[in-house]
Amino acid sequence: MTLKLGVPSKGRLMEKTFEWFAGHGVVLKRTGSDREYAGAVEGVDGIELVLLSAGEIPRELAAGRIHLGVTGSDLVHEKIADWEGKIRALAPMGFGHADLIIAVPKAWADVDTLDDLDAAAAAFRRDHGFRLRIATKYHRLVREFLRGAGVADYQLVDSQGATEGTVKNLTAEAVADITSTGETLRANHLKILSDGLVHKSQATLFKSRRADWEGGNRERFQALAARLGVDG
Amino acid sequence: MTDKAKVRAQAERLQAFFTGAGARVVEADILQPAETLLDLYGEDIRARAYVTSDPLRGEMMLRPDFTVPVVQQQMAEGTATGAVTYMGEVFRKQEHEGARASEYIQVGYETFGDADEEAAEAKVFALFDEVLSPLSLRAATGDIGILMAAVEGLSTSDRRKAALKRHLWRPRRFRALLDRYGGRSPVPETRTRLLEKARKQGAAAVADAAGPAIGLRSRAEVTARIEALLADAAEPPISGNEVAILDHILSLRETSVNALEQLRDIAVDLPNIAPAVTRMDRRLEALSGQGIDVYALDFEASYGRTTMEYYDGFVFGFYAEARLDLPPVATGGRYDALTRVLGQGRCLPAVGGVVRPELVLTLTEEAGQ
């Protein structure tokens, strides 16, 4: 019986995760060849490193197949219904910052707030005969945000990539996407609504409420938590 | 978990009651085209309905209610009037864990084309009241028609009235709009700047200068909205007096007879609601005629404002007061506007309601213990 820690399997997110743990005296390592997804944890006993796609970590945490996991808070909030009941956020890790925002064409001089977006959507539906389309892959987060703000007469259309291009391609009128610097948005003649911040995401260490915490895992976790300085 | 066979037997009993009252039985497909439902209810329905895809018919939904298919049938049959009843499962995706069912049986009764609208409303309410009477539920009633008439009666532009009416079902947004139109909340700074620029340079010039035109929403649409904003900024605020009257109506919670008295008083200052108040008066008389004690019947002017937005007149619901964790046992109301949307130019007076047999069964069993 070991405690499973899921971390992103590649790229900057993996490197930064390794650095963050190393900074707390816990060494994470990939083992085997460069291409083999295997890893090890040094410094605390009984912990198994599981390398996963960052997008799958929320699901694995919710199912309790891993005990701890590192992924973007946006992914947990988007992918897991009622996530607070299944997963607990232990520590924001200070990297992987990305904002989920709502953006509209810069040409929309009349639209600066959600209020404006709502009014523009009403007029758009009247003039075009269908609901104003917002392209996104964050359906749950965006829908809940817009519902809370009382925006009506819109529809979400799915876009799994190159979302900023959908307006120019006439497959959407507005977008809801992740941005860190806003450069891609600017290059595509889009602007962020002044109150259009849906979620401020960063890499976060999460704990599963559903995993098996018996068989010494609770103690292993406490040892690790003490080392990491997080509240168990 | 309640026994499904028992629930079905209960459903059949309820439907037999409605057929006994003269309704003919109608059926509806479980798979419904998603487009109609999405267009009608908006993105929220996607969060609540199971969406699936059909290789030939495109996006389909497991029916989240019977109202749309039943109304469509009525409108397609042209002169279909009279009462109908239906029975079957509806499907609602639950995004939060808890006891709410994602699949349950509904039994409905709807009546179309009745010339005496208040009599029809009273009859529908009385039927549900009678079939649920052994459960001693609390009945809630309201009237969206009065709210609409009140908004319509404000001394302000048609554009503002339309915006308020559009958000009648979203109380927070409605409040924000009312505060803005009443001059009680400040105009955002970006709006002020936009208007200043537009006054100096003209709306078209401001739109032209904003950025390259991309997407379906055209420059003309942007210009038109800036012009509308300019016109709106020149509108005087809705008077404090009128806002107070509207607030009074929105917060009205009384027994029906007292509520009617208050609404009559309000109609002196806001005469536009008078016809709606007269209809309420006629409805209460019809309800009395059906044996309902209107001196004890609750009336809540805001009732129905947070449910689906197709009701546009009388609304009602039946609640188990000892079990506030349960959804309402039955709900219903008038939805003429929906028949206009689905009727492609035609419309029919329509009023009806649905009851959940599983809840009737649960409460009956609890009462028996």
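Table for the structure above
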| item | result |
| --- | --- |
| Matching entry among B:V315, B:V277 (being touching a strand residue (DSSP E or B) at 6+ places or on another chain (Cβ under 6 Å), buried (at least 19 other Cβ atoms within 10 Å of the Cβ) and under 18 Å from B:V151 (Cβ atoms)) | B:V315 |
| Filter result for B:E97 (of a type in the set (D, E), touching a strand residue (DSSP E or B) at 6+ places or on another chain (Cβ under 7 Å) and either away from chain A (no Cβ under 12 Å) or loosely packed, with under 13 Cβ neighbours inside 10 Å (or both)) | no |
| Among the residues listed as B:R323, B:R340, the single one being surrounded by fewer than 19 Cβ atoms within 10 Å (Cβ to Cβ), free of Cβ contacts under 8 Å to residues at least 12 places away in the same chain and either within 30 Å of B:K4 (Cα to Cα) or under 21 Å from the mean Cα position of the chain (by Cα) (or both) | B:R340 |
| The one condition in (1) at pLDDT below 95; (2) in contact with a strand residue (DSSP E or B) (Cβ under 7 Å, 6 or more places away or on another chain) that B:L127 fails to fulfil | (1) |
| Total residues in segment B:39-59, condition within 15 Å of A:R140 (Cβ to Cβ), in a helix (DSSP H, G or I) and in contact with a Lys or Arg (Cβ under 8 Å, 6 or more places away or on another chain) | 5 |
| Subset tally (residues that are more than 9 Å from chain B (Cβ to nearest Cβ), among the aliphatic types (A, V, I, L, M) and surrounded by fewer than 24 Cβ atoms within 10 Å (Cβ to Cβ)) for segment A:168-186 | 2 |
| Search result, residues across segment A:81-104 that are of a type outside the set (G, A, S), within 11 Å of chain B (Cβ to nearest Cβ) and within 28 Å of B:E95 (Cα to Cα) | A:D82, A:W83, A:E84, A:K86 |
| Any hit, segment A:105-118, residues being assigned to a helix (DSSP H, G or I) and more than 10 Å from every other protein chain (Cβ to nearest Cβ) | yes |
| Positions within segment A:142-162 being within 28 Å of B:R175 (Cα to Cα) and surrounded by fewer than 20 Cβ atoms within 10 Å (Cβ to Cβ), in sequence order | A:E144, A:F145, A:R147, A:G148, A:G150, A:Q155 |
| Boolean, A:A81 is modelled with pLDDT under 95 and within 20 Å of the chain's Cα centre (by Cα) | yes |
| Test: residue in segment B:122-135 that is more than 22 Å from A:G150 (Cβ to Cβ), in contact (Cβ under 8 Å) with a residue 40 or more places away in the chain, of a type in the set (K, R) and surrounded by 21 or more Cβ atoms within 10 Å (Cβ to Cβ) | yes |
| Pairs where the first residue, in segment B:172-191, is within 9 Å of another protein chain (Cβ to nearest Cβ) and the second is assigned to a helix (DSSP H, G or I) and of a type outside the set (S, T, N, Q), C-beta under 7 Å, 6+ apart | B:F174/B:L164; B:L177/B:A163; B:L177/B:L164 |
| Segment A:193-232: number of residues that are touching a Leu at 6+ places or on another chain (Cβ under 7 Å), outside any helix (DSSP H, G or I) and buried (at least 17 other Cβ atoms within 10 Å of the Cβ) | 10 |
| Pick from segment B:22-45, criterion within 12 Å of another protein chain (Cβ to nearest Cβ) and over 18 Å from the mean Cα position of the chain (by Cα), ranking: surrounded by the fewest Cβ atoms within 10 Å (Cβ to Cβ) | B:E35 |
| Residue, nearest to B:R219 (Cα to Cα), within segment A:119-129, restricted to residues that are more than 9 Å from chain B (Cβ to nearest Cβ) and without any contact (Cβ under 8 Å) to a residue 12 or more places away in the chain | A:R126 |
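The values are calculated or read from the model by the stated rules, or taken from the named source; none is laboratory data. This is a predicted model, so every value here is computed, not measured. So basically every Cβ, Gly included, is an ideal-geometry build from the backbone, and we count neighbours across all protein chains shown.
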